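K.L.:
Below is one structure. I have some questions about it.
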Amino acid sequence: MSGLKHRRDNSFSGKGQVTTTDLGKRHFQVCGTDAGGKVLFNRPLSRSKLMELLAGHPRCIVAMEACSTSHHWGGVAQGTGHAQTHQMPPDAFEG
């Protein structure tokens, strides 16, 4: 399984896992990993860029911090073809 590959147009290609770790008011901290858990990218995205990433990315697991908007974003991810979405407790993301 290949990992996500960052392209010059700020889109990503390949297969992997996209994890949104912080569903903030203005930006989302998004971390992409390969199947082995290696971090391929970790950066903030605006709402519109997150929607573009989800819509343009091959199907993968999308995990996010459980919060008041996580059900909405899980629905957005599922609506763009990502069948597996997971909501996790906030302490799962503390490092």
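K.L.:
For W73, all conditions in the list (1) surrounded by 15 or more Cβ atoms within 10 Å (Cβ to Cβ); (2) outside any helix (DSSP H, G or I) hold save one; what is the number of the exception?
P.N.:
For W73, the exception is condition (2).
K.L.:
Mind checking which residues of region 32-70 are surrounded by 14 or more Cβ atoms within 10 Å (Cβ to Cβ), part of a strand (DSSP E or B) and either in contact with a Phe, Trp or Tyr (Cβ under 6 Å, 6 or more places away or on another chain) or not polar (S, T, N, Q) (or both)?
P.N.:
Correct list: G32, L40, F41, L45, I61, V62, A63, M64, E65.
K.L.:
Another question, then. Hey, could you check region 76-88 for residues that are over 17 Å from F28 (Cβ atoms) and either of a type in the set (K, R) or over 12 Å from the mean Cα position of the chain (by Cα) (or both) and say which is surrounded by the most Cβ atoms within 10 Å (Cβ to Cβ)?
P.N.:
G81
K.L.:
So, in region 22-44, of the ones that are small (G, A, S) and out of contact with any His (no Cβ under 9 Å at 6 or more places or on another chain), which residue ends up farthest from A77 (Cα to Cα)?
P.N.:
My answer is G36.
We did not get these values from a lab; they are worked out from the coordinates using the rules stated. A quick note: this is a predicted structure, and the numbers were derived from the prediction, not measured. All Cβ positions, glycine included, derive from the backbone under ideal geometry; neighbour counts span all protein chains shown.
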